[in-house]
Amino acid sequence: MPEHTSDVVVIGAGLIGLSVAWRLATDGVRVTVCDPTPGAQTSNVAAGMLAPVTEVEYGEDDLLALNLASVNAWPRFAAELEEFTGLPAGLHQTGTLAVAYDVDDAAALRRLAEYQRRLGLEVEELTGRDARRREPLLATGVSGGVWVPGDHSVDNRQAVTTLLEAVDRSGVLLLRRRVTRVLTSGTTAVGVQLDNGDTMHAGQIVVAAGPWSPQLDGVPEELRPPVRPVKGELLRLRVPEAYRPALQHTVRATARGFSVYLVPRPGGELVVGATTSELGYDTRVLAGGAFALLRDARTVLPITDELELVETIAGLRPATPDNAPVLGPSGLDRLLWATGHYRNGVLLTPVTAQVIADTIRTGSVPELGKPFLASRFGR
Ligand code: GLY
């Protein structure tokens with residue numbers, strides 16, 4: 001049975017695992033990343049919103065602080081990545097327009113804007129007419145809006161491509177293999193076993209396997225993080241040249257009580273998402289999901305009817321009981337979690353890489369990461 005060694009083994013090559021690996025490798029750490037399909041799961045499906053303000057939920061103050069730190073970290077992270085690889089990182093600093101359709105939607109949006117203002121977040125309330133001045137193709141029925149200058153987006157697929165190049169250039173070994181088991185000696189994780197039977201010894205293991213993170217054999221049941229898959233269906237539309245740009249900013253809408261978001265890419269793609277369903281590891285796109293997204297998108301952006309539907313896809317968000325990630329010690333020595341990012345994986349990529357790299361370098365979790373330890377769930 002062949003054996004290998006590495007300073008750090010990262011399980012999972014989504015945006016989180018790749019950015020952790022890149023950060024460590026540029027600090028001179030020997031890193032191996034294991035994933036049978038790098039970048040092809042949740043990171044490939046996401047819409048890529050950096051939305052600490054427009055996705056804020058009542059009462060999630062610690063998560064908000066982490067989200068704000070990460071949105072502020074994105075420009076530097078993107079610049080470093082671009083300098084290192086010569087490729088675009090996919091960051092688009094466009095701002096976000098939240099809009100409401102009917103009067104009930106407008107009341108809900110106003111309440112959320114008040115909460116956002118109380119938290120000290122930058123928001124500007126708009127009339128329907130002002131919203132249409134920013135986005136002229138919005139439906140005349142749009143009754144109001146909130147302009148959020150600090151919420152942006154990242155082309156997640158571009159970011160995956162660029163991070164794969166970055167890990168390659170920084171000397172990371174990428175093994176297209178599934179980890180079947182974490183190897184332990186007493187209460188210390190010492191390596192991993194791969195699906196071809198090979199083993200790899202590691203000084204540290206980082207689990208960045210998204211919704212699959214709790215499934216690793218060798219990790220005692222009571223230490224596994226409470227991460228579950230939450231399915232999201234999403235559509236990709238192509239805007240014909242004549243109508244470009246259909247939107248200039250990310251638009252989040254509440255339309256007759258339903259939520260939809262539309263994220264424009266510079267190349268003419270419009271990403272429309274996303275449903276939220278608790279169906280386990282099911283990634284089928286259901287007709288009802290696609291229908292609801294198209295119905296709500298055309299309510300606020302009637303030109304949706306004229307766009308080409310080029311892709312329907314579903315992915316799995318790694319959700320936790322408090323919607324916040326699980327970062328740092330696992331209860332097994334030398335095994336760290338970097339998982340559970342739920343709706344904020346793209347947003348939290350830079351800060352997660354920094355928290356995990358600092359934890360490995362210093363042996364303790366930095367202040368920013370402390371509210372997100374697995375121990376908050378009694379693990
Ligand atoms: N952050 C977008 C979503 O989870 O659908």
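The distance from the alpha carbon centre of segment 9-66 to that of segment 97-149 is 30 Å, rounded to a whole number. Relative contact order of the chain, taken over Cα pairs closer than 8 Å and 6 or more residues apart, is 23 percent. Once all protein chains are placed together, residue 259 keeps about 90 Å² accessible to a 1.4 angstrom probe. Put +1 on the Cβ of each Lys and Arg and -1 on the Cβ of each Asp and Glu in the chain; which of 188, 154, 353 then has its Cα farthest toward the positive end of the dipole? So the residue we want is 154.
Residues 258, 377, 291, sorted by accessible area with the largest first, give 291, 258, 377 [1.4 Å probe; ligands and nucleic acids excluded]. The fraction of all Cα pairs in the chain landing in successive 20 Å bins from 0 to the largest distance is 29, 56, 15, 0, given as whole percents. I need the shape label for segment 57-160. Rule: rounded when a/c is under 1.5, else prolate if a/b > b/c, else oblate, with a, b, c from the alpha carbon gyration tensor. Oblate, because a/c is 1.5 or more while a/b does not exceed b/c.
For the chain, a crude dipole built from +1 on the beta carbon of Lys and Arg and -1 on the beta carbon of Asp and Glu, taken about the Cα centre, is about 180 debye to the nearest 20.
Restricting to bridges with both residues inside the chain, how much of the DSSP beta-bridge set is antiparallel, in percent to the nearest 5? Can you show the working numbers first?
Numbers: 52 of 77 bridges.
Roughly 70 percent of the beta bridges in the chain run antiparallel, per DSSP.
Positive end of the dipole of segment 174-291 (Cβ unit charges, origin at the Cα centre): among 197, 271, 226, the Cα lying farthest that way belongs to 271. In the chain, a dipole from Cβ-located charges (positive for Lys and Arg, negative for Asp and Glu) runs towards its positive end, and of 313, 79, 331 it is 313 whose Cα lies farthest in that direction. Each residue, residue 306 and residue 198, gets one label point 7 Å from its Cα in the Cβ direction; the gap between the two is 5.3 nm.
With +1 assigned to the C-beta of every Lys and Arg and -1 to the C-beta of every Asp and Glu, and no other charges, what is the dipole magnitude of segment 265-375 about the Cα centre in debye, to the nearest 20?
Computed about the Cα centre, the dipole is about 280 debye.
Rounded to the nearest 20, the size of the Cβ-charge dipole of segment 20-135 about its Cα centre is 240 debye, with Lys and Arg at +1 and Asp and Glu at -1. At an R0 of 25 angstrom, the distance between the Cβ atoms of residue 93 and residue 44 translates into a FRET efficiency of 0.65.
In order along segment 254-269, the phi-based Karplus estimate (6.51 cos²θ - 1.76 cosθ + 1.60, θ = phi - 60°) of 3J(HN,Hα) comes to 10, 10, 6, x, 9, 9, 8, 10, 10, 10, x, 10, x, x, x, 8 Hz; Gly and Pro are listed as x.
The values are calculated or read from the model by the stated rules, or taken from the named source; none is laboratory data. As the structure is a prediction and not an experimental result, all values here were calculated from the model. Glycine gets a Cβ as well: all are built from the backbone with ideal geometry, and neighbour counts include every protein chain shown. What goes into the accessible areas is simple: the full protein's heavy atoms, side chains included, and nothing from ligands, DNA or RNA. Shrake-Rupley method; radii C 1.70, N 1.55, O 1.52, S 1.80 Å.
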